[in-house]
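Notes follow once the structure below has been shown.
The values are calculated or read from the model by the stated rules, or taken from the named source; none is laboratory data. Bear in mind the structure is a predicted one, so any value in this text is a computation, not a measurement. All Cβ positions, glycine included, derive from the backbone under ideal geometry; neighbour counts span all protein chains shown.
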Amino acid sequence: MVVKRRRLLVGAGAAVSCLTLSVGFGAGVSAAAGRTAHAKAHANPYPKSLHGGFAFYSGGDTNVEQLWQDVLIPSFNRAYPHIKINYVFSEHGTNDVTTLDRVAQAVKNHQSSGFALLESATNAVELAARQRLFIPVTTKAIPNSANVPSASMAVVKNDAVPYRGSKVVLAYNSATVKNPPKTLAQLLSWIKANPGKFAYCNPSGGGSGQYFIEDVLNQYLSKSAVNTLAFNHATSLEAGWSKGMAVLHSLNSDVYGNGTYPAGNTQVLTLLGSGAVQMAVVWSDQSTSALQDGQLPKSVKLTDITPAFAGSPVYLGVPKYTPKNQVRLVDAFLNFILSVPQQAKVVKRLAGFPAIKVSLMTATVKSEFTALGEAESLPYSAQVVSDMERVWQQDVP
Amino acid sequence: MRTEPLTASRGSALVLEQVRKAFGGAVAVDEVSLSVAPSEFVTLLGPSGSGKTTVLRMIGGFIAPDGGRILIDDNDVVKVPVERRPTAMLFQQLSLWPHLSVARNVSFGLELRKRPKTEIRTRVAELLEIVGLADFGGRLPAQLSGGQQQRVALARALALEPRILLLDEPFSALDTKLRVELRTFVRSLQREVGTTTILVTHDQEEALELSDRIAVLRDGRIEQIGTPGAIYDTPETGFVAEFLGAMNFLAGTVDGRLARLSGGITVPLDAVPTDEVGAGRVEIGVRPEDVIVTPDPGGAFVVERVTRKGYVNELFLRSGPVSLRAYVGKDLALEPGGSCALRFGHLHLFSARPPGGEADGEAPLATAPIDALAEMTNAREAAR
Amino acid sequence: MALSSGPLSAELTAGVAVTDRDPSPARRPGKRRRASDEGTRGGLTSLLGFLPLAFLLVFGGIPIVLSLLLMLGHLGGPNSAVSSLGQDEIPGRGIGTLGAITQLFENHAYLQDISATAIVFVVTSAVVLVFATTLTLWHRLRPSRAIATLQFLAVIPLFIPVVIASFSLWTFWGSRGFTNSLAQLAGISNALIFSGKLQGVVLAEVWVSLPFAVLLMRAGVASLTDSSLDAARDAGARPLTVAWRIALPQLRKEATIVFCFTAVGVLGSFTVPYIIGPSSPLMLGVDAVNTFSSYNQPQQAAVIGFTIFVLAALIGCLYALGSRRRRVGR
């Protein structure tokens, strides 16, 4: 199974939050949309007396592991003391592919894979959902899934549920950049005006670069074309990239190191932190924690531009043929972590975006995002991203 | 310590003057002085650890001495690096360069000296002819036997026309037959070419056969130096006597013209010059071939064991606490258990010390070889 | 002596007679057991020989065949799992199609990737060989504490994970790194930036490959006999001549191994060129991984894999030639 690693060194995901997209541009979306209700508290069908256990495979960085081990699972166990979660973690998601292969094989044989819940640092779960390896998510089983923006559900055809998101933002050094760009056009002219002082990473290595590239490419695409590429491998629309690629190519002499595209997200932050560049495209969660840890100087500020960079949600899936009693426990777990208080913990811990609509969050949480805004479009779907990365490699550096 | 007087330096091919070398704290060579005449063949003989190889490597320039002088043709060479010393060494291990043909091995030094090609070719052919490997020039060392390889190494060393040829146990890697063959060859070649040669060995037979003079080394010092015959016949110390040839040591006490051994055995010392015989404890040294054995049912000595040693038999004899070895003709009809009487054809008198043992301080050994037959009696016989 | 030797030899003959002509019944099964032991041992030996072969076949041979089939467009059967998710596949019928191969080789960028890779592995291997040989041989001919320390330092990268090393080197050679700061102090700005450049890849690969090369050359140099080196100096060779004309020719085999292993290592390396290398051209290792996981093109990735395989095979030939024993005469 081919799985593309979006982010090599950081927790994955970007927020798809409240979309300004109109509802109903895909078959999958309408199914979800019908159930979308703006209810904050859904009746919880799962009693505290539930007991049993299940295995949960998770791939990501240590911050993800800590989120589960130190925050979410302990608080779940306070609510459900008799459910035992066997948390299996793979750092950087190195075992994602083999685990997914195992699941795919088990599903093919109508058997349980042993894992009742999957998360991956890569887009493996998203791909698996598209392969229909998971049990569809319903609001009956997981009432709180109604709080998830319908578009994020539609991307995976309702077969998986996001539990967090992250977003790409523009980071700049406020000590030297007094007037940060507010639009993509301003950003592009800033880059030209300040050669060598801007960096975005190779899209094959770190996801942050991907969203900058998509933003540039999307300038020359119609809104409907962008929407289509978010769901379908529409190769005919990819021809529209040529103008955007030409723009990116023209930036070669103006980006860091005369057209050097750092391999990963961390390297971009290193460049920003060392002062080698003044501005860069980064993950909001990664840069926020870097600021908190002092890895980035306080003078580094985060902002967003219009059109805003896209992001992507991180999904959890329940493999088909998981024993019924375990499915019930997993659903209780998923319902729990999609609740507003738990989502607030996710946001706080990872400095990421909630999986549920931001509008449902408390005022303090909301204020965190006002500076950054919310994504205006969905990112390209997996196969389109693959094409985009290939074309970029061919045309740009 | 016995070293040569330092007067022979003029006209000597090689002179060592009080050469010293220590490795870490251990003294390997302790004030060795030696003078070698042109065309002389001198052997440094000693057990391992005696410093003989260190001396040789200092002459060759592989090791720098801590002190003293090394003169070759009256020039001090201590500061001259290996590659510019007029010496050539034949090594213990097979040391041909495996990637070069036999001819290239021999010509290497000449090439470095930028000799004309035709001269090199003639010289190599000549040298290979001398060592009897004329047809082997195109072969690689690995295609040669050990003996052949050492002969090539010899040719290689001679190609440099050294003032001093240094032989570092060159025969020890070979089997007995080849060893004897090659050393005979080396000896005749050395006589023919006349190169001053220093040989290092622990093999006494080799030393006796090849050398004009032998220097016996012990603990970094020269214990005795002289012609093979002189050293064999008149060893100055028990160590030399034991290292070159075999020797029985019998502890006893001098009593007038007699030496009394334990067990009531007496050895007459009539033939020993009186002034050499002090009083008190002595060691009587007798080489096994100087023990004359006569079968005698009433004799004091009993044969314990008989070992064939090629052309002689070695008898292990005992009388009470006194035991010794004797070499006798094979026709002597004596078997284990048989009794015999002994006479000593030649004996050496040393001051008392454990034979072959560690050096016991600075006490020099008195030596007193005698030439006349020394009749040996024992107490029982005397009583009868 | 004559008397004692008689009975002794008689006794010996008797002993032989007893065991040979009159084997006691108790010994017979023992003998038979020994024979059957040998049989088992033979079987075990062949099994032990077979196991690695089977292992190679199952985990090496079959996957190679499968990816060869994939390259030629056989997308079904055992390749269906991989190909079902792949993109831009060119299916082949019969023997197969060369479509994926021509697609890549007609791409100028791919040819650049190949030549970049070749240049990097040749230069890296040569530099590693020179460094390792100089360090070890120098120490052998002129031992000193300084060289011993250098040798020791050269081995240290062995204990540092490549990812961490690559990342530090990337920073070290970057525009705000140590080398460039030094260059700027000397008034030559941007002359010593190696991050994002093939030169940086070469430097880092040298760093990564040196420990093994030094260890191997050290073993080789240790196998040179003292006497053969001494004999050369004795013959009038200065240390450099000894190194060049006596020691080096004897180290040909080790040198070949160092060169080839470094080359193959560099050829297949990913982390170093991924982190340090330029965005274009790409080293084949990075290209293959990108094509497989980022561009989601398993068939094209198989072509790149095959390209690497062919280059490695060429290096293998060099190895076979270089490590062969010299046959002279005849």
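Just the residues that are closer than 17 Å to residue A:322 by Cβ, not hydrophobic (A, V, I, L, M, F, W, C) and not in a helix (DSSP H, G or I), please, taken from segment A:70-119.
A:84, A:86, A:87, A:109, A:110, A:111, A:112, A:113, A:114, A:119
Which of the residues that make up segment C:208-231 are part of a helix (DSSP H, G or I) and facing chain B (nearest Cβ under 7 Å)?
Selection gives C:227, C:228, C:230, C:231.
Which condition breaks for residue B:86 when tested against (1) within 18 Å of residue B:18 (Cα to Cα); (2) within 14 Å of chain C (Cβ to nearest Cβ); (3) surrounded by fewer than 21 Cβ atoms within 10 Å (Cβ to Cβ)?
Of the numbered conditions (1) within 18 Å of residue B:18 (Cα to Cα); (2) within 14 Å of chain C (Cβ to nearest Cβ); (3) surrounded by fewer than 21 Cβ atoms within 10 Å (Cβ to Cβ), the odd one out for residue B:86 is (1).
All but one of (1) within 11 Å of another protein chain (Cβ to nearest Cβ); (2) more than 30 Å from residue B:104 (Cβ to Cβ) hold for residue C:159, so report the exception by its number.
All conditions are met except number (1).
Go over the candidates C:137, C:158, C:153 one by one and state the one that is assigned to a helix (DSSP H, G or I), surrounded by 15 or more Cβ atoms within 10 Å (Cβ to Cβ), of a type in the set (A, V, I, L, M) and modelled with pLDDT of 85 or more.
C:137
Does residue A:132 fit the bill of being free of Cβ contacts under 8 Å to residues at least 24 places away in the same chain and over 30 Å from residue A:290 (Cα atoms)?
Considered against the rule, which asks whether it is free of Cβ contacts under 8 Å to residues at least 24 places away in the same chain and over 30 Å from residue A:290 (Cα atoms), residue A:132 comes out as no.
Taking the criterion of being farther than 30 Å from residue A:233 by Cα and either in a loop (DSSP other than H, G, I, E, B) or without any contact (Cβ under 8 Å) to a residue 24 or more places away in the chain (or both), would at least one residue in segment C:77-94 satisfy it?
no
Could you check segment B:100-123 and list, in sequence order, the residues that are part of a helix (DSSP H, G or I), of a type outside the set (Ser, Thr, Tyr) and either within 11 Å of chain C (Cβ to nearest Cβ) or surrounded by 22 or more Cβ atoms within 10 Å (Cβ to Cβ) (or both)?
B:102, B:104, B:105, B:106, B:108, B:109, B:110, B:111, B:112
As an exercise: evaluate residue B:310 against (1) more than 14 Å from every other protein chain (Cβ to nearest Cβ); (2) on the phi > 0 side of the Ramachandran plot and give the number of the one condition it does not meet.
The single condition residue B:310 does not satisfy is (1).
Please work out which residue is farthest from the other protein chains (Cβ to nearest Cβ), limiting yourself to segment B:124-137 and to residues that are modelled with pLDDT of 90 or more, assigned to a helix (DSSP H, G or I) and crowded, with 17+ Cβ neighbours inside 10 Å.
Taking the candidates together, the pick is B:128.
Tally the residues that are under 14 Å from residue B:243 (Cβ atoms) and assigned to a helix (DSSP H, G or I), restricting the search to segment B:215-231.
The number of residues fulfilling the criteria is 2.
Has segment A:356-373 got at least one residue that is on the phi > 0 side of the Ramachandran plot and out of contact with any Cys (no Cβ under 8 Å at 6 or more places or on another chain)?
Yes: one or more hits.
Does residue B:213 meet the test of being within 11 Å of the chain's Cα centre (by Cα) and touching a residue at least 24 places away in the same chain (Cβ under 8 Å)?
yes
What number of residues in segment B:55-80 are in contact with a Lys or Arg (Cβ under 9 Å, 6 or more places away or on another chain), away from chain C (no Cβ under 14 Å) and either in a loop (DSSP other than H, G, I, E, B) or polar (S, T, N, Q) (or both)?
Here the count works out to 5.
Quick one: residue A:108 ticks every box in (1) in contact with an Asp or Glu (Cβ under 7 Å, 6 or more places away or on another chain); (2) over 30 Å from residue A:360 (Cα atoms) bar one, so which box is it?
Only one criterion is unmet by residue A:108, namely (1).
Taking segment B:322-335 as the search range and keeping residues that are of a type outside the set (Phe, Trp, Tyr) and closer than 26 Å to residue B:260 by Cα, which one is surrounded by the fewest Cβ atoms within 10 Å (Cβ to Cβ)?
Taking the candidates together, the pick is B:323.
Kindly provide the set of residues from segment B:138-170 that are more than 11 Å from chain C (Cβ to nearest Cβ) and over 20 Å from residue C:227 (Cα atoms), ordered by number.
If the condition is that a residue be more than 11 Å from chain C (Cβ to nearest Cβ) and over 20 Å from residue C:227 (Cα atoms), then B:163 is the only one that fits.
Test residue A:220 against the criterion of being within 19 Å of residue A:183 (Cα to Cα), aromatic (Phe, Trp, Tyr) and not in a helix (DSSP H, G or I), and give yes or no.
When the stated conditions are applied, residue A:220 passes them.
Restricting to segment B:150-193, give me the number of residues that are among the acidic types (Asp, Glu), over 20 Å from residue B:52 (Cβ atoms) and either within 16 Å of the chain's Cα centre (by Cα) or not in a loop (DSSP other than H, G, I, E, B) (or both).
Qualifying residue count for the region: 2.
Answer yes or no as to whether residue B:310 is at pLDDT below 85, out of contact with any strand residue (DSSP E or B) (no Cβ under 8 Å at 6 or more places or on another chain) and among the small types (Gly, Ala, Ser).
yes
Which number in (1) more than 14 Å from chain C (Cβ to nearest Cβ); (2) buried (at least 21 other Cβ atoms within 10 Å of the Cβ) marks the one condition that residue B:31 misses?
In the conditions (1) more than 14 Å from chain C (Cβ to nearest Cβ); (2) buried (at least 21 other Cβ atoms within 10 Å of the Cβ), residue B:31 misses (2) alone.
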